[in-house]
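See below for the structure under consideration.
Each value in this text was obtained by applying a stated rule to the coordinates, not by laboratory testing. Remember, predicted model here, so these are calculated numbers, not experimental data. When we count neighbours, we look across all protein chains shown, and the Cβ atoms used for this are built from the backbone with ideal geometry, even at glycine.
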Amino acid sequence: MCGILGILSSQSVSENLLPEKLLEGLSRLEYRGYDSAGIATVHDSKIDRRRAAGKLKNLKALVNDNPLKGTIGIGHTRWATHGAANITNAHPHSSPDVAVVHNGIIENFSVLKQSLQAKGVTFESETDTEVVVHLIADFLKNKLSPLQAVQQTLQQLQGAFALVILFRDYPSLMIATRRGSPLVVGCHQDELFVASDALALVGWVRQLCYLDEGDVAVLEKTETGLSTHLYNSDAQPVERIWRPSQLSAAAVTKADYSHFMLKEIFEQPAVLSDSIQSLIGVEGTAIDLPDLKLDPGSISQVFIIACGTSYYAGLVAKYWFEKYFQVPTQVEIASEFRYRQPCLDKKALYLFLSQSGETIDTLAALSLVKQNNCKTLAIVNVPESSIARQSDQVFHTLAGPEIGVASTKAFTAQLVNLLGLGLYLKGDHNQDLCQELRLLPRLVSEVLNDQSTYQHVSLKLAQAQHALYLGRGLQYPIALEGALKLKELSYIHAEGYAAGELKHGPIALIDGQMPVVVLAPYDEWFEKTLSNMQEVLARNAQVIILTDEIGAEHVHRQVTNKSTLEMIVLPRVASLTSPFVYTVAVQLLAYYAALHKGTDIDQPRNLAKSVTVE
Ligand code: F6R
């Protein structure tokens, strides 16, 4: 969703450089998803801003034609919530005295707007953000200091947000604050930074400080140099921990890949290898999770709570936990969890899955569970994220930064942790499973070796308006994930179904145009899934079956009408670990279908990487 960046440079940095740097930083935030962008500086006693609808290249062209200068500036990529994605609604929002960039939502903006309008304030945009500008400006007129004006304004705001503010009359001062939306401050010898996401600051800072809920950061340039002072939500000065930045520049480049998504798909063997090694070591025969403080014997059941792809990882875990580890498990969509006022079980483990660690619905569900003093554990990929910081315990995935909006390596990394957790809860020393796990990086590499098959077969999908994905057992959640990947990347309407559900409605959709992707490793569910495939073939569907060598033999023997059938033969893999191999295959199908269609693969339309509004 929206991205925020603020830079305050010392006098030794040229005032022509800062706008360039703001634009570079915003380009690192593009992956979050956005539909307009803007920057503002304070220069020559005025606030100067440039804003453009659409992609960052439009803003860059504007700045190129009409440059701006300064040693203090803010930038923003906006994912529209209140008001269309046009220039007027793009951030920074500004009055002559104050400029603001904002992530999140001011929930009571309409009441605040009415009272400001009653005082004669006129609004230029439809956004909720503009009330913040006018509230601060109003307090400044009443002779409050910038810090007091911000603190008073915060008292009036409801919602979850992060804000960075510039002041015309204080050209060496920037104030940043957060409530519910992340913000990180970074420092370097000649510059101070604030950003919604540490990725914006890769290579620029050595030290990072993540703001706590309600914190206000005052970034200032004085004669003695640059300084940062922090205040908590009670306006008291506080110290927060500064940590060395861990992110490498390689994480934010595509290397030789055409898309971040393809790079991240190809990173999966390494991610799996690192994750598996961290669970079982190089030679180990048992799962070792020394950092987890859980007593498996005291856990009555597991509730897994997540959104989107993370929710599907949770569904895979439900099969693993119940069928293989005998741990009762419920999987819940985070956005619905709190609405039904769930009966919480004090003996249950509440497990929150999130790649970003910032998904607002997952965070809200976590907060509900915590208020009720239940046990919480988060599986997240961003170590300093809000979900990581707020849950009792964290089991980090080792996927590294994921830039492609559609999740790939973070999903398979979640699966490894979930499998590890299941084994840990079961208290099982399962030598065979450890062996199966160790095979996974090689098996996934084998899938990746065969790009041309996916390029060719995905044409069938790219030419369609709709597609179905079918799977049984452990392949059912992967069918859901495959369909989600296809719709996100290629905008083709796709649905995943449990293969057994086909006859209960979806089969009505089948005709000669409909591609049906069937996930069918040769396992205990194979024969039944094959029958479902025969049913759609009999109705002339364009079938793509993903199976293994043994499955392929059965298909050759049993299926007579192969004229509309394509087969992708995947490596043979144990049933329990098959989701990893089949996931990578459906990722590639979606990737190449999107490539055929020419869509924006890394930043699909309307999508955001980190969903920080409800
Ligand atoms: C799809 C995708 C989303 C996310 C969902 C939850 O490719 O990435 O469905 O899984 O928005 O996000 P996280 O995992 O960050 O909580």
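Brief remarks on what is shown
- In the stretch 285-382, lysine pairs with alpha-carbon atoms under 13 angstrom apart (chain gap of 8 or more, or interchain): 4
- Computed across the stretch 548-609, the Kirkwood radius stands at 14.3 Å (inverse of mean 1/r, all Cα pairs).
- In the stretch 374-500, inverting the average of 1/r over every pair of distinct C-alpha atoms gives 17.2 Å as the Kirkwood radius.
- Across the alpha-carbon set of the stretch 472-614, the Rg to Rh ratio works out to 0.98, Rh being the Kirkwood radius.
- Summed residue charge, Cβ within 11 Å of ILE478's Cβ, Lys/Arg positive, Asp/Glu negative: +1
- Take each peptide in 435-443, 379-387, count the other Cβ atoms within 10 Å of every residue, and average; sorted highest first, the result is 379-387, 435-443.
- Between helix 526-537 and the chain there is an angle of about 80 degrees, using the helix long axis and the longest principal axis of the Cα atoms.
- Using alpha-carbon coordinates, inclination of helix 431-448 to the longest axis of the chain, degrees: 80 degrees
- Quotient of Cα Rg and 2.2 N^0.38 Å for the stretch 155-299, N being how many residues it contains: 1.41
- On Cα atoms only, tilt of 308-319 relative to the major axis of the chain in degrees: 40 degrees
- Farthest positive-ward along the stretch 206-316 dipole, Cα basis, beta-carbon charges - from SER278, LEU262, SER300: LEU262
- For SER391, neighbours were defined as the other residues whose beta-carbon sits under 12 Å from its Cβ, and their charges (Lys and Arg +1, Asp and Glu -1) total +2.
- Full-stretch length increase - HIS504, ARG389 - with 0.36 nm per residue and alpha-carbon distance subtracted: 37.0 nm
- Projecting label points 7 angstrom from Cα along Cα→Cβ for ASN232 and GLN326 puts them 4.7 nm apart.
- Only the Cβ atoms of Lys and Arg (+1) and of Asp and Glu (-1) were treated as charged; on that basis the dipole of the chain about its Cα centre amounts to roughly 740 debye.
- Under 11 Å from the ILE87 label point (7 Å along Cα→beta-carbon), backbone N, the stretch 24-50: 50
- Each principal axis of the Cα cloud of the chain was evaluated for its coordinate range; sorted largest first, these ranges are 83, 53, 45 Å.
- Taking every Cα-Cα distance in the stretch 156-213 and sorting them into 10 Å bins starting at zero, the pair-distance distribution P(r) comes out as 22, 47, 28, 3 percent.
- What the Cβ-Cβ distance of ASP256 and ASN449 gives, at R0 = 22 Å and to the nearest 0.05, is a FRET efficiency of 0.85.
- Per-pair calculated FRET efficiency, R0 = 56 Å: GLN558 and PHE123 via Cβ, rounded to 0.05: 0.25
- Neighbour net charge for PRO244 - beta-carbon separation under 13 angstrom, K R +1, D E -1: +1
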